[in-house]
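Heads up, the thing below is written out as structure tokens.
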Ligand code: COS
């Protein structure tokens, strides 16, 4: 068994780490405070090649393996959750469905701009009444002579209402299946289409510098050709996309946990109480040891799941496990990190305060921890 990364993967990790330290870390706190999406850091992340990472060069992508994409996401998350969210949602959820299920014309139309990072695309699954129960979508798409007419709304959609957002893949009820259940299809809707509006949401606890939107479809008309893949395949497409997406959320948990650990270790060695650095007290050293242990285990689990994907092996169960575990590892690491910082950890001046808030999303987004346990339970044959 070979656990070593390739030279290209090591170089990628170092360059993304260096970039994140220099370009994101200094501005992350202020952007979080102002709840502001940064077009400047977006442009720089795009220049670094952080979009279209697993897409073939034919469509303007970087043609990398999934492990590389996950390493890059991990390194951004080590410094800031909001920027990692922009990258993870941009690749897995924005680009993913178009790349996996689009026809040549759709890929050629949308992917080059998305892979260059000059445009972003949303993943329109969640609705006000269809969160965990994702197939209970109420948004309808009716096929008429001149195209689809869409009505309904979506909520909590990342990257959908920035100035460079160019559209969304929307899951819609397009009819009724033979077995009486709703037929669900994915339809591509471009920004600027009459009847479609994406409104930015504010007041978030976490990922405050990422873009989150509510989407409204009011007799929104798009061409028949905007259907993604075969009619009725929408839910499978969304679920398959989420399998890959969950690996990037795992990377956010792993990177965030690593960030918390490094901040906590440095602070514990500097902070002196009772005449010695607080890391010298066994109660604190053990916290740091537990963090290091959990991060090591999480990394092995996540990379193995990515390796399965890269080698065309089933990975749904491992993706759910990695997403769940990495989220919970970051939870424990963020908690320890704030505890080790004492009162200072509760102040915005210290990055651990932001990590502590950002972590919570990982247990909620792209399938709650409870949903991951359902997926795992089913895949091990327990449910
Ligand atoms: N890939 C492809 N198809 C899949 C799939 C996957 N990973 N998982 C399920 N499916 C298929 C099933 O085979 C089933 O097909 P049929 O309708 O032909 O029988 C269909 O999808 C429905 O599957 P299932 O019966 O398991 O659906 P449930 O309604 O029970 O929902 C959960 C299952 C809860 C796991 C699903 O709704 C889910 O993941 N919810 C969370 C959604 C989420 O992550 N939202 C966050 C998005 S924010 S980015």
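For the modelled label position 7 Å from the Cα of residue 178 along Cα-to-Cβ, which residues of the stretch 222-245 have backbone nitrogen atoms closer than 19 Å?
Residues 230-236 qualify, since their backbone N sits under 19 Å from the label point.
For the stretch 15-61, compute Rh as the Kirkwood radius over C-alpha pairs and then the Stokes-Einstein diffusion coefficient at 25 °C and 0.890 mPa s; write the answer in µm²/s, rounded to an integer.
Working: Rh = 11.9 Å.
Taking Rh from Cα pairs, D becomes 207 µm²/s.
Sticking to Cα atoms, compute the Rg of the stretch 300-383 to one decimal and its Dmax as the biggest Cα-Cα distance, whole number, in Å.
Here Rg and the maximum Cα pair distance are 15.7, 48 Å.
Calculate how large, on average over all directions, the projected area of the Cα convex hull of the stretch 170-323 is; give the answer in nm² to one decimal.
Quarter of the Cα hull surface area: 14.2 nm².
Out of all DSSP beta bridges with both ends in the chain, state the antiparallel percent to the nearest 5.
85
If neighbour count is taken as other Cβ atoms inside 10 Å, put 95, 374, 295 in order from fewest to most. List each step's numbers first, then the result.
Working: 95 28, 374 14, 295 21.
So the residues, fewest neighbours to most, are 374, 295, 95.
Only bridges whose two residues both fall in the stretch 59-174 count here: according to DSSP, what percent of them are antiparallel, nearest 5?
For the stretch 59-174, the DSSP antiparallel bridge percentage is about 50.
Any chance you could run the full-extension gain for residue 225 through residue 368? It's 0.36 nm times the residue separation minus the Cα-Cα distance, nm to one decimal. Walk me through the numbers before you get to the answer.
Working: separation 143, 0.36 × 143 = 51.48 nm, distance 3.33 nm.
Going from the current span to full extension adds 48.1 nm.
Helix 234-270 versus the longest principal axis of the chain: what is the Cα-based angle in degrees, 0 to 90, to the nearest 10?
Roughly 20 degrees between the two axes.
Which angle from 0 to 90°, rounded to the nearest 10, does the C-alpha axis of helix 66-77 make with the longest principal axis of the chain?
Here the helix axis deviates by roughly 60 degrees.
Calculate the spin-label point distance for residue 378 paired with residue 236, positioning each point 7 Å from the Cα along the beta-carbon direction, and give it in nanometres.
Reported label-point gap for residue 236 and residue 378 is 1.4 nm.
Cα axis of helix 7-19 to longest principal axis of the chain: angle in degrees, 0 to 90, nearest 10?
80
Assuming a ≥ b ≥ c are the square roots of the Cα gyration tensor eigenvalues, decide whether the stretch 61-137 counts as rounded (a/c under 1.5), prolate (otherwise, with a/b larger than b/c) or oblate.
Cα axes put the stretch 61-137 in the oblate bin.
Computed from the mean reciprocal separation of all distinct C-alpha pairs, what Kirkwood hydrodynamic radius does the stretch 179-258 have, in Å?
Evaluated over the stretch 179-258, this radius sits at 15.7 Å.
Roughly what % of DSSP beta bridges within the stretch 117-174 run antiparallel, to the nearest 5? Each step should come with its number before you reach the end.
Working: 6 of 12 bridges.
The antiparallel proportion sits near 50 percent.
Could you rank the peptides 278-289, 328-339, 349-360, 98-109 by their average count of other C-beta atoms within 10 Å per residue, with the highest value first? Don't jump to the answer; show the numbers that get you there.
Details: 278-289: 14.8, 328-339: 24.1, 349-360: 21.2, 98-109: 16.6.
Top of the packing list down: 328-339, 349-360, 98-109, 278-289.
In whole angstrom, note down how far apart the Cα centers of the stretch 1-44 and the stretch 127-186 are.
33
Going 7 Å from the Cα of residue 1 along its beta-carbon direction, which residues of the stretch 282-297 have the amide nitrogen within less than 20 Å of the resulting point?
Within reach of a label on residue 1: 292-297.
Give the Debye-formula value of log10 I(q)/I(0) at each listed q (0.09 Å⁻¹), with one equal scatterer per alpha carbon of the chain, two decimals each.
Per q value, in the given order, log10 I(q)/I(0) is -0.51.
Using every pair of alpha-carbon atoms in the stretch 5-108, split the distances into 5 Å bins beginning at 0 and state the percent of pairs per bin, rounded to integers.
P(r) over the stretch 5-108, rounded to whole percents: 2, 12, 23, 24, 17, 11, 7, 2, 0.
Between the stretch 252-308 and the stretch 345-383, what's the alpha-carbon centroid distance in Å?
Cα centroid to Cα centroid, the span is 18 Å.
Every number here is computed from the coordinates shown, using simple stated rules; none is lab data. Bear in mind that the values here come from a model prediction, so they are computed numbers and not experimental data. Because the Cβ atoms are built from the backbone with ideal geometry, glycine has one as well, and the counts that use them run over all protein chains shown.
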